[in-house]
Amino acid sequence: MKINKKSVLQLGVCIIFFGGLGILINNLTINLIRTGLGFNFTWLFKPASFALAEHPLPYTSSDSYAWAIFIGWLNSLKVIVSSLILATFLGTLIGLARTGKNFLLGIISAGYITVVRQTPLLLQLMFWYFVGFLSLNDNMFIQIKNIFNISNEGIEFSGLTFSSEFLALFLGLSVFTSAYIAEVIRGGILSVSGGQWEAFRSLGLSEREGITRIIIPQALPAIIPGLTSQYLNLAKNSTLAIAVGYSDIYAINDTIINQTGRAIECFIILLISFLLLNLVITNTMEIMNKLTLKSKKYG
Amino acid sequence: MEPIVVAKNLTKSYTKGLRALDNVSLTVDQGKVLVVMGPSGSGKSTLIRTFNGLETFDKGELNILGIKVDSTHDERKVQRIRRKVGMVFQQFNLFPHLSILENITLAPIHVQKRRQTEAEEYGMYLLSQMGIDSHAKKYPNQLSGGEQQRVAIARALALRPELLLFDEPTSALDPERINEVLDAIRRLAEQGMTMVVVTHEIGFAKDVSDQVLFMDSGKVIETSPPNIFFSNARHERSRKFLNQLDNQ
Ligand SMILES: Nc1ncnc2c1ncn2[C@@H]1O[C@H](COP(=O)(O)OP(=O)(O)OP(=O)(O)O)[C@@H](O)[C@H]1O
Ligand SMILES: [Mg+2]
């Protein structure tokens, strides 16, 4: 039998993969024996006995760990989805301003993109938290006819309250991601030939109408893959919640590990949570991609 | 009657010291066809693109269908001009994500706010005039170059323009596809459409034009009726250019 290059390579990869897995499993058993905990998930149903500042559903410290983790999941989802929406909106506006004809807007958006991309996200979160919200002290709050209420406790908006922690993370993630999305949008728009702009202009269409009806539809196939990876980054970056004290899934699991020592179980929970979340994002974007490709029968 | 196009001393430089347009003046009367000729880089495209505001200019005045514009490039006036002036490009520039009929009805529906059924009816009429109504449901990349350019002409006609601009409409076509497009333009000329056509097709220019404007280095070298221009051009430079075209 002739052994070709490909099967040798595959065998090599298999050996490395299973070897690595073996080492990890060995480490895991040794660690579990040492801590004397044993690998199980029954502790999930014991009372968590820690308080959570932020809970979209009812929660008290006598609720179970599982419920606390679920609340963390909801908190993560809340900040990820809302940041995703704001980041896309801001990013699109800035991306369009960057490509547009207006010189001043072009300069401002280029500056925004540069500053935001050149500073670490952690620093930006700290900025929003300490400079943006904590500096608003108790007696300095803004009130507009009881619908809009800003203080160092956060923002109250017609009955809904948002904590300073949530707002810092939400704004930080949105602004940070919007700069990257702006570049993705700009790249997509530049991929459409200049003749398309001339054609819609010569037909008397306004810039706004031309961009939405002619340019964006043709730019989407180039935009969606870049957008997907920015959304995945946003979801992963949301774990920096712990830096501003927002109780997302990562922060809650961190507390649980400190309390119970169940590091391995918690890591598995985190891993699966993010895998699921990112699968949802990837698949949604994949469906959108298919839709744009379908409407693009010319492809 | 007032002329359709009056340009006075149009001057434009993209880069300092290099004039793409140098004191260009011309007039196009209602129902007339002006053919613009000249070597590559002489400013032909720049000139006709100023007529519908795709290009600004630094000095001079332009009066298109009674709307006066100058170097300030008043967006509102430009927008009014574009509703009355159609343009056909060398590269067709059809919208690839829209069907042939949608390409044609886009501006009537969204610029002129016509009803969809009315826009489609007129669109189908224009396509049949161009002999391509059987392709209405197809997408641009399913058509040959000649067919695409005829769609582009129908699209330019959909706003019922009073002036049509053509920038080398057959330069991107296979030789055997050129005539179908030139014939369509000839028919428009016979119907009395006012047109400015940049072209290198001498035979076509002879039949269709009322005046030929010859440019070089952004300047108008001469403007003559076709029988004079093609047999006995006034300027040495024009004759040299025609000789070169003949030899190709
Ligand atoms: N967008 C631009 N930026 C800078 N220079 C330009 C631009 N467009 C045209 N030019 C220059 O202006 C001059 C006139 O160009 P124009 O395209 O009007 O010539 P043309 O007669 O249409 O040539 P062709 O027959 O090759 O189409 C040329 O020197 C060209 O290099
Ligand atoms: Mg040209």
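The values are calculated or read from the model by the stated rules, or taken from the named source; none is laboratory data. Everything numeric in this text was worked out from a predicted model, so none of it was measured. For neighbour counting, all protein chains shown are included, and Cβ atoms are generated from backbone atoms with ideal geometry for every residue, glycine included.
Please determine whether any residue of the range B:52-61 is under 17 Å from the mean Cα position of the chain (by Cα), within 16 Å of ligand 1 (Cβ to nearest atom) and within 25 Å of residue B:235 (Cβ to Cβ).
Scanning the range B:52-61 turns up no residue that is under 17 Å from the mean Cα position of the chain (by Cα), within 16 Å of ligand 1 (Cβ to nearest atom) and within 25 Å of residue B:235 (Cβ to Cβ).
Give the residue, chosen from A:44, A:52, that is in contact (Cβ under 8 Å) with a residue 24 or more places away in the chain, surrounded by 10 or more Cβ atoms within 10 Å (Cβ to Cβ) and not in a helix (DSSP H, G or I).
On inspection, the qualifying residue turns out to be A:52.
Take the residues in the range B:137-160 that are among the small types (Gly, Ala, Ser) and without any contact (Cβ under 8 Å) to a residue 40 or more places away in the chain, then tell me which one is nearest to the other protein chains (Cβ to nearest Cβ).
Restricting to residues being among the small types (Gly, Ala, Ser) and without any contact (Cβ under 8 Å) to a residue 40 or more places away in the chain, the top hit is B:144.
Quick one: in the range B:161-170, of everything that is within 14 Å of chain A (Cβ to nearest Cβ) and within 16 Å of ligand 1 (Cβ to nearest atom), which residue is farthest from residue B:107 (Cα to Cα)?
Looking at the filtered set, the residue picked out is B:168.
Would you mind stating whether residue A:280 is away from every other protein chain (no Cβ under 14 Å), touching a residue at least 12 places away in the same chain (Cβ under 8 Å) and among the hydrophobic types (A, V, I, L, M, F, W, C)?
No; evaluated as a whole, the condition is false for this residue.
Can you find a residue that is more than 14 Å from every other protein chain (Cβ to nearest Cβ), at pLDDT below 95 and within 16 Å of ligand 1 (Cβ to nearest atom) anywhere in the range B:172-194?
yes
I need every pair where a residue in the range B:1-18 that is within 14 Å of another protein chain (Cβ to nearest Cβ) and on the phi > 0 side of the Ramachandran plot has its Cβ under 6 Å from the Cβ of a residue that is aromatic (Phe, Trp, Tyr) and within 16 Å of ligand 1 (Cβ to nearest atom), sequence separation at least 6 or different chains.
Correct list of pairs: empty, since none qualify.
Go through (1) within 14 Å of ligand 1 (Cβ to nearest atom); (2) surrounded by 15 or more Cβ atoms within 10 Å (Cβ to Cβ) one by one and return the number of the condition residue B:14 breaks.
Only one criterion in (1) within 14 Å of ligand 1 (Cβ to nearest atom); (2) surrounded by 15 or more Cβ atoms within 10 Å (Cβ to Cβ) is unmet by residue B:14, namely (2).
Quick one: in the range A:217-239, which of the residues that are among the hydrophobic types (A, V, I, L, M, F, W, C) and more than 10 Å from chain B (Cβ to nearest Cβ) is nearest to residue B:151 (Cα to Cα)?
Filtering first and then ranking leaves A:219.
Can you confirm whether residue B:201 is among the acidic types (Asp, Glu) and either buried (at least 17 other Cβ atoms within 10 Å of the Cβ) or farther than 30 Å from residue B:25 by Cα (or both)?
Here the answer is yes, as residue B:201 does meet what is asked.
Can you confirm whether the range B:63-75 contains a residue that is in a strand (DSSP E or B) and within 14 Å of ligand 1 (Cβ to nearest atom)?
No, that holds for no residue.
Just one of the numbered conditions (1) within 11 Å of another protein chain (Cβ to nearest Cβ); (2) surrounded by fewer than 21 Cβ atoms within 10 Å (Cβ to Cβ); (3) out of contact with any Leu (no Cβ under 7 Å at 6 or more places or on another chain) is not true of residue B:134; which one?
Of everything listed in (1) within 11 Å of another protein chain (Cβ to nearest Cβ); (2) surrounded by fewer than 21 Cβ atoms within 10 Å (Cβ to Cβ); (3) out of contact with any Leu (no Cβ under 7 Å at 6 or more places or on another chain), residue B:134 misses just condition (1).
Among B:78, B:88, which is the only one that is in contact with a strand residue (DSSP E or B) (Cβ under 7 Å, 6 or more places away or on another chain) and more than 16 Å from ligand 2 (Cβ to nearest atom)?
B:78
Residue by residue through the range B:21-56, note down the ones that are assigned to a loop (DSSP other than H, G, I, E, B) and away from ligand 2 (no atom under 16 Å from the Cβ).
Answer for the range B:21-56, where residues must be assigned to a loop (DSSP other than H, G, I, E, B) and away from ligand 2 (no atom under 16 Å from the Cβ): B:29, B:30, B:31, B:32, B:53, B:56.
Based on this model, can you work out whether residue A:62 counts as over 30 Å from residue A:284 (Cβ atoms) and part of a loop (DSSP other than H, G, I, E, B)?
Taking the combined requirement at face value, the residue satisfies it.
Go over the candidates B:48, B:64 one by one and state the one that is of a type in the set (A, V, I, L, M) and within 13 Å of the chain's Cα centre (by Cα).
Within the list B:48, B:64, the selection yields B:48.
Kindly provide the set of residues from the range B:84-104 that are within 15 Å of ligand 1 (Cβ to nearest atom), more than 8 Å from every other protein chain (Cβ to nearest Cβ) and in a loop (DSSP other than H, G, I, E, B), ordered by number.
B:90
Just need a number here: residues in the range A:194-209 that are within 8 Å of chain B (Cβ to nearest Cβ), surrounded by fewer than 21 Cβ atoms within 10 Å (Cβ to Cβ) and of a type outside the set (D, E, K, R).
Residues that pass the stated criteria total 3.
Closer than 30 Å to residue B:224 by Cβ, more than 14 Å from every other protein chain (Cβ to nearest Cβ) and crowded, with 16+ Cβ neighbours inside 10 Å: does that describe residue B:62?
yes
Among the residues of the range B:200-217, count how many are under 10 Å from residue B:36 (Cβ atoms) and either outside the structural domain of residue B:27 (by TED's automatic domain parsing) or of a type in the set (A, V, I, L, M, F, W, C) (or both).
5
Identify the single condition in (1) within 20 Å of the chain's Cα centre (by Cα); (2) surrounded by fewer than 21 Cβ atoms within 10 Å (Cβ to Cβ); (3) within 8 Å of another protein chain (Cβ to nearest Cβ) that residue B:110 does not satisfy, given that it satisfies every other one.
(1)
Run down A:246, A:231 and say which single residue is in contact with a strand residue (DSSP E or B) (Cβ under 9 Å, 6 or more places away or on another chain), of a type in the set (Phe, Trp, Tyr) and crowded, with 16+ Cβ neighbours inside 10 Å.
Only one candidate qualifies: A:246.
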